[in-house]
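A short reminder: the numbers here are calculations on the coordinates, not readings from a lab. Just so you know, these numbers come straight off a predicted model, no measurement behind them. Neighbour counts run over all protein chains shown; Cβ positions are idealised from the backbone, glycine included.
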Amino acid sequence: MERVSITERPDWRDKATEYGFNFHTMYGEPYWCEDAYYKLTLAQVEKLEDVTAELHQMCLKVVERVIASDELMTKFRIPKHTWGFVRQSWQTQQPSLYSRLDLAWDGIGEPKLLENNADTPTSLYEAAFFQWILAGRSDQRGQSAGRQRSV
């Protein structure tokens, strides 16, 4: 994995606001890194694919454990009035739309799961729309931020 420095877009906050991405800055800090991207080898991409598939299955096992326990449902702060719906959804195997796994990884050791954002409304907007806008703007500047692949 190689960290590649690029020039920060001077108007990225304005563009984010223009497209309704109003949480581009949190606690006075940018929500994402604007001055670099990571270039991965094919082997690293395949490693991440394998690890994320395994982590997803592990998360599903946690869900199964949590919904079987009132104590864990309470501990995870799942509102009591939703328990029946949550359990029924699990038992009838309602499909999940997506899950974004936030990882920490140096490209060498094992990736570590920081957070699983499953079916959160902002994830679709981030990944399916706004990152696409940013990638297109990078291409226009001659920087293929995040799109290059080393094999």
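With θ set to phi - 60°, apply the Karplus curve 6.51 cos²θ - 1.76 cosθ + 1.60 along the stretch 103-110 and write out the HN-Hα couplings as whole Hz, x wherever there is a Gly or Pro.
3J(HN,Hα) across the stretch 103-110, in whole Hz: 10, 10, 7, 9, x, 10, x, 8.
Under the Karplus relation 6.51 cos²θ - 1.76 cosθ + 1.60, θ = phi - 60°, what is the ordered set of whole-Hz ³J(HN,Hα) values for the stretch 62-67, x standing for Gly and Pro?
Along the stretch 62-67, the couplings run 5, 4, 4, 5, 5, 5 Hz.
Using a 10 angstrom cutoff on alpha carbons, build the Gaussian network for the chain and name the most mobile of His81, His56, His24.
His81
Setting aside same-chain residues fewer than 8 positions from Lys75, which lysines have a Cα under 21 Å from its Cα?
Straight-line reach from Lys75, under 21 Å: Lys61.
If I take R0 = 22 Å and measure r between the Cβ atoms of Glu18 and Thr120 in this structure, what FRET efficiency does the formula 1/(1 + (r/R0)^6) give, to the nearest 0.05?
In this case the efficiency is close to 0.45.
Under a Cβ-Cβ cut-off of 14 Å, what is the net charge of the residues other than Thr122 that fall near it, where Lys and Arg count +1 and Asp and Glu count -1?
Combined, the nearby Lys, Arg, Asp and Glu give -3.
For the residue pair Val66 and Asp35, what label-to-label distance in nm results when each label sits 7 Å from Cα along the Cα-to-beta-carbon direction?
3.7 nm
Classify the stretch 44-119 as rounded, prolate or oblate from the Cα gyration tensor: take a ≥ b ≥ c as the square roots of its eigenvalues, call it rounded if a/c is under 1.5, otherwise prolate when a/b beats b/c and oblate if not.
prolate
Name the residue from Gln57, Leu101, Thr74 whose Cα lies farthest towards the positive end of the charge dipole of the chain, charges +1 on Cβ of Lys and Arg and -1 on Cβ of Asp and Glu.
Value: Thr74.
Would you mind calculating the gained length between Met58 and Ile78 on full extension (0.36 nm times residue separation, minus the Cα-Cα distance), in nm to one decimal?
That works out to 5.3 nm of additional length.
How about Lys39: which aspartates and glutamates have a C-alpha closer than 19 Å to its C-alpha, ignoring those fewer than 8 places off in the same chain?
Output for Lys39: Glu2, Glu8, Glu49, Asp50, Asp102, Asp106, Glu110, Asp139.
Would you mind ranking Met73, Met58 by Cβ crowding within 10 Å, fewest neighbours first?
Least to most surrounded, the residues fall as Met58, Met73.
Taking mean projected area of the Cα convex hull in nm² straight from the coordinates, which label in (1) 8.4; (2) 11.3; (3) 10.6 is the correct one?
(2)
Could you work out the helix-only [θ] at 222 nm for the chain, with each DSSP H run of four or more residues adding -39,500 (n - 2.57) and the total divided by the number of residues, to the nearest 500 deg cm²/dmol?
Rounded to the nearest 500, the figure is -12000 deg cm²/dmol.
Would you grab the residues whose amide H sits under 5 Å from the one on Tyr31? Only those 5+ places off in sequence or on another chain, please, with H modelled 1.01 Å from N.
Amide H neighbours of Tyr31, under 5 Å, 5+ apart: Thr25, Met26.
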